[in-house]
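Q: Attaching a single structure in structure tokens format; questions to follow.
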Amino acid sequence: MIDLEGLASIRTSLEADGYEIEVTDGDRVAVVISATPEACAECLVPASVMVPILEHTLKVPGDRIDLTYPTDHEASDHEASDHEE
Amino acid sequence: MGSLIMDPTGQTTRVEAEMQLAHRPPSLSGRTVGLLDNGKQNAGRFVEELGKVLAERYGVGSVVLRKKPVATVDAPSELLEELHHAAELVVIGVGDCGSCSAAAVADGIALERLGTPTAVVCTESFKATADAMAVVRGAAGYRYATVEHPMAGLPGDEVRARAEGVADEVVSLLVDAAVRRGAA
């Protein structure tokens, strides 16, 4: 069970920089962070730093967290475009 | 590594090692304060205004202004070493984004470990990243001052008002010998 207060806290921080967060809590904790059009690119900490931040705020072990970052989305989009061409 | 202690109720409690803060002076009177501008919009103006307030209200003797080359990552160790030698206390501002608030806290912890009392100022929206970075750097519970978000885009008079509003909190972080950051 994730800490909902912690989730609200990290959501506030991310939204202030133009990012959204979705969390699915199950056997593992899936965290998807996505950029809005107003997102500040340099304001998002690297994924390697975000995992311990999520571990602290959501109060779940880092090895249970599956993190998807905006750059992951972009990579997927590029791959899709490549296949379409 | 934490240690187990037995309290009077018979419970055991794990106590994490407390981060040792730098020695605090009894007051700011006559002291040289370093102002570290992290490069975010209005951060330089904010720390300069805060320096003026500290001089007016608390008798700070002089200030030394420095600027981080990149707001979103840790300050270069050479810059922190220079501030450690040039100033008796340091104020860092402003952590008003996720990465720069985390970096500001990391810089504050690094300066404390060098032996320089340091007060970090972040905007309220970034408590989660600031607190988490403190844990990552082995200083859970590290205390910092907060101002209303955002700082970027504010006109000069509002930046000054933010500095005036947070000055007492900054001072309490710099001189209060009872303040101890770390235990979580």
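Q: What are the ³J(HN,Hα) values, in whole Hz, obtained from phi via the Karplus relation 6.51 cos²θ - 1.76 cosθ + 1.60 with θ = phi - 60°, for each residue of the stretch A:36-41 in sequence order, with x given for Gly and Pro?
A: 8, x, 8, 4, 8, 4
Q: Could you tell me the ratio Rg/Rh of the stretch B:24-175? Both radii from Cα atoms, Rh via Kirkwood.
A: Using Cα coordinates only, the ratio equals 0.92.
Q: Now, a different point. Given a 1.4 Å probe, show me the residues in the stretch B:146-160 buried by at least 10 Å² of accessible surface when comparing the whole protein assembly to the chain alone.
A: Output list: B:HIS149.
Q: A follow-up question, please. How big is the A/B interface in buried accessible area, both sides summed, 1.4 Å probe, to the nearest 100 Å²? Can you show the working numbers first?
A: On the way: alone 5500 and 8340 Å², together 12750 Å².
The contact between B and A buries close to 1100 Å².
Q: Sticking with this one: Taking H as built 1.01 Å from N, whose amide H comes closer than 5 Å to the amide H of B:LEU65, not counting residues under 5 places away?
A: B:LEU35
Q: Turning to a different aspect of this structure: Would you mind working out the accessible area per residue for the protein assembly as shown, using a 1.4 Å probe, and quoting it in Å²?
A: Numbers: 12750 Å² over 269 residues.
Ligands and nucleic acids excluded, the result is 47 Å² per residue.
Q: Something else about it: In whole Å, how far is the Cα centre of the stretch B:58-131 from that of the stretch B:151-176?
A: Distance between centres, Cα-based: 14 Å.
Q: Only Cα pairs under 8 Å and at least 6 apart count here; give the relative contact order of chain B as a rounded whole percent.
A: Values: 406 pairs, mean separation 48.8, N = 184.
Relative contact order comes out at 27 percent.
Q: Go ahead and run the numbers for FRET between B:GLU169 and A:LEU4, Cβ-Cβ distance against an R0 of 30 Å, rounding to 0.05. Walk me through the intermediate numbers first.
A: Numbers: r = 28 Å, r/R0 = 0.95.
Calculated value: 0.60.
Q: If you don't mind, another one. Are there any residues in the stretch B:104-139 with a reduction of at least 10 Å² in accessible surface when going from the isolated chain to the assembly of protein chains? Probe 1.4 Å, please list them by number.
A: B:SER125, B:PHE126, B:ALA128, B:THR129, B:ASP131, B:ALA132, B:MET133, B:VAL135, B:VAL136
Q: Summarise the partner chain shielding of A:7-15 as one whole number: the mean count of Cβ atoms from other chains within 10 Å of each residue's Cβ. List each step's numbers first, then the result.
A: On the way: counts 1, 1, 7, 7, 1, 6, 14, 5, 1.
Average per residue, whole number: 5.
Q: Also, I was wondering about something else. What part of the accessible area of the protein assembly as shown, given as a whole %, is carbon or sulfur when the probe is 1.4 angstrom? It would help to have the intermediate numbers written out before the result.
A: Values: 6420 of 12750 Å².
The nonpolar share, carbon plus sulfur, comes to 50 percent.
The values are calculated or read from the model by the stated rules, or taken from the named source; none is laboratory data. What you see is a predicted model; the values in this text were computed from it and never measured. Glycine gets a Cβ as well: all are built from the backbone with ideal geometry, and neighbour counts include every protein chain shown. Quick note on the areas: whole protein, heavy atoms, side chains included, nothing else; ligands and nucleic acids left out. Shrake-Rupley method; radii C 1.70, N 1.55, O 1.52, S 1.80 Å.
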